[in-house]
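In what follows, a structure is listed as structure tokens, so that the remarks can point back to it.
The values are calculated or read from the model by the stated rules, or taken from the named source; none is laboratory data. Only a predicted model underlies this, so the values are computations on that prediction, with no experimental measurement involved. Neighbour counts are summed over all protein chains in view; Cβ atoms, including those assigned to glycine, are modelled from backbone coordinates with ideal geometry. What goes into the accessible areas is simple: the full protein's heavy atoms, side chains included, and nothing from ligands, DNA or RNA. Shrake-Rupley method; radii C 1.70, N 1.55, O 1.52, S 1.80 Å.
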Amino acid sequence: MLIDFDHSISINDKNDPTHAERTGTLQFMSISNLDKSELKPTALDDWESMLYIFCWIGTFGWSSSTRANKTGDSGEPKQLDRWHKGTLKEIAKAKRADLDTYNAFQAITGEFNLGLKNIDLLFNLVKELRDVLIDKSSGKLAGALKKEEIILNTKTGAYENVVLSDPFEERVAKWEELSESLLMVLEDFAQKARERLGK
């Protein structure tokens with residue numbers, strides 16, 4: 001899947017990105033992009049964006065003919081509304097919370113349109129992609145929320161939040177390994193889809 005192809009660079013290019021500005025559709029932007037992180041973009045940003053695209057399709061449908069209402073049965077907005085409403089920081093915070101644990105992520109997958117044909121494949125695909133991206137790591141790499149501590153600033157006398165670690169920053173060092181695992185998941189589900197379609 002190619003996204004933002006006009007901004008693409010070789011994954012092996014060690015130079016700075018060709019476009020310094022942040023671009024993209026808020027619903028599908030990676031957390032690092034939303035946070036305006038100084039981290040060098042990696043393939044993990046693209047994998048994360050792909051996960052968001054699949055969640056959006058699972059919730060709202062493949063096309064206008066399969067599009068589900070953008071509100072739940074109660075008329076309330078869907079969970080994914082948090083992915084495009086508010087400031088960039090608020091959207092990043094919402095995505096972190098939604099990805100952090102499997103139980104939190106169920107709030108997203110629980111709104112998938114069960115009327116879509118083969119939705120079970122898409123449901124299992126997003127679950128596996130999220131598991132590899134967020135859960136298959138340990139220590140500082142696990143989860144999606146920043147690990148913070150509140151400390152007293154002795155100079156100002158005020159309490160401040162200090163970020164001890166950010167799993168998205170920690171994963172950058174292992175982007176190649178994680179990308180290979182994510183690709184295996186995608187290839188496995190592509191094969192399952194071909195088998196189901198009889199191809």
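Scanning segment 24-54 for residues that are of a type in the set (Ser, Thr, Tyr) and over 17 Å from ARG130 (Cβ atoms), we see that the one that is most open to solvent (accessible area, probe 1.4 Å) is THR25.
The set of residues in segment 104-116 that are without any contact (Cβ under 8 Å) to a residue 40 or more places away in the chain and part of a loop (DSSP other than H, G, I, E, B) comprises GLY110, LEU114.
Picking from residues in segment 145-159 that are assigned to a strand (DSSP E or B) and farther than 19 Å from LYS89 by Cβ, the one that is most open to solvent (accessible area, probe 1.4 Å) is TYR159.
Looking only at segment 160-180, filter to residues that are open to solvent by less than 40 Å² (accessible area, probe 1.4 Å) and without any contact (Cβ under 8 Å) to a residue 60 or more places away in the chain; which one of those is farthest from PHE123 (Cα to Cα)? The qualifying residue farthest from PHE123 (Cα to Cα) is SER165. In segment 188-199, the residue that is modelled with the highest pLDDT out of those that are loosely packed, with under 10 Cβ neighbours inside 10 Å and either of a type in the set (D, E, K, R) or farther than 26 Å from LEU121 by Cβ (or both) is GLU195.
Report yes if VAL172 is closer than 18 Å to LEU51 by Cβ and outside any loop (DSSP other than H, G, I, E, B), otherwise no.
Working: closer than 18 Å to LEU51 by Cβ: yes; outside any loop (DSSP other than H, G, I, E, B): yes.
In short, yes.
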